[in-house]
Amino acid sequence: MLQKLHGDISDDMLVMFMQNVGLLKPGQKVQDILQWPLWKSYKLALRNSPAILEQNDNPERLRSFQPPVLLIKGTGSAKFLHDIIDQLAVSFPHVEVSEFREGHAPHIISMDKFLDKLSSFQNRPQGK
């Protein structure tokens with residue numbers, strides 16, 4: 001799927017992405033998703049996806065990253081995304097994982113809730 005997301009991102013490409021990450025259930029029409037207009041406005045963000053396949057680095061380097069890291073999961077998002085977050089969570093030395101019920105991309109779907117979480121994470125005392 002990621003190899004197909006390049007250049008101008010069409011609505012069909014966005015629909016394919018939404019199906020793959022679990023936003024669009026089998027048989028569901030994209031027009032029935034309340035956030036469809038919002039997703040369409042962010043569709044060009046999918047152009048960065050091929051960079052994920054081209055990344056070549058040593059994941060052990062994450063263990064030396066000292067700043068606190070906040071990882072966000074969306075309940076019901078694609079399993080491979082949860083697997084990535086779970087692996088990152090055991091790799092960073094100072095990490096907090098929060099899961100939002102709103103599904104894939106809760107930072108868009110429930111932006112206020114996400115920003116509240118981010119603010120509290122950034123404002124907590126160092127070392128906590």
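The values are calculated or read from the model by the stated rules, or taken from the named source; none is laboratory data. Remember, predicted model here, so these are calculated numbers, not experimental data. For neighbour counting, all protein chains shown are included, and Cβ atoms are generated from backbone atoms with ideal geometry for every residue, glycine included.
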- Restricting attention to segment 92-116, and to residues there that are in a loop (DSSP other than H, G, I, E, B) and not basic (Lys, Arg), which single residue is farthest from Leu38 (Cα to Cα)? Pro93
- Query: How many residues are surrounded by 12 or more Cβ atoms within 10 Å (Cβ to Cβ) and under 28 Å from Arg61 (Cα atoms) when one looks only at segment 107-119?
  - Reply: 4
- Condition broken by Ala78, with the remaining ones in (1) in the same structural domain as Met16 (by TED's automatic domain parsing); (2) in contact with a Gly (Cβ under 6 Å, 6 or more places away or on another chain) satisfied: (1)
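Where in segment 6-83 are the helices (runs of 4 or more DSSP H), entirely inside, with at least 3 residues that are surrounded by 13 or more Cβ atoms within 10 Å (Cβ to Cβ) and of a type in the set (A, V, I, L, M)?
Numbers: elements: 11-20, 36-41, 50-54.
Output list reads 11-20.
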- Message: Kindly evaluate Phe92 against the criterion of being in contact with a Phe, Trp or Tyr (Cβ under 7 Å, 6 or more places away or on another chain), over 30 Å from Met13 (Cβ atoms), in contact (Cβ under 8 Å) with a residue 24 or more places away in the chain and not charged (D, E, K, R).
- Response: yes
- Message: Can you say whether Ser119 is among the small types (Gly, Ala, Ser) and either in the same structural domain as Asp8 (by TED's automatic domain parsing) or in a helix (DSSP H, G or I) (or both), as far as the supplied structure shows?
- Response: yes
- Determine the pairs where a residue that is closer than 20 Å to Lys25 by Cα, located within segment 98-121, has a partner that is hydroxyl-bearing (Ser, Thr, Tyr) and part of a helix (DSSP H, G or I) with Cβ atoms under 6 Å apart, the partner being 6 or more residues away or on another chain. none
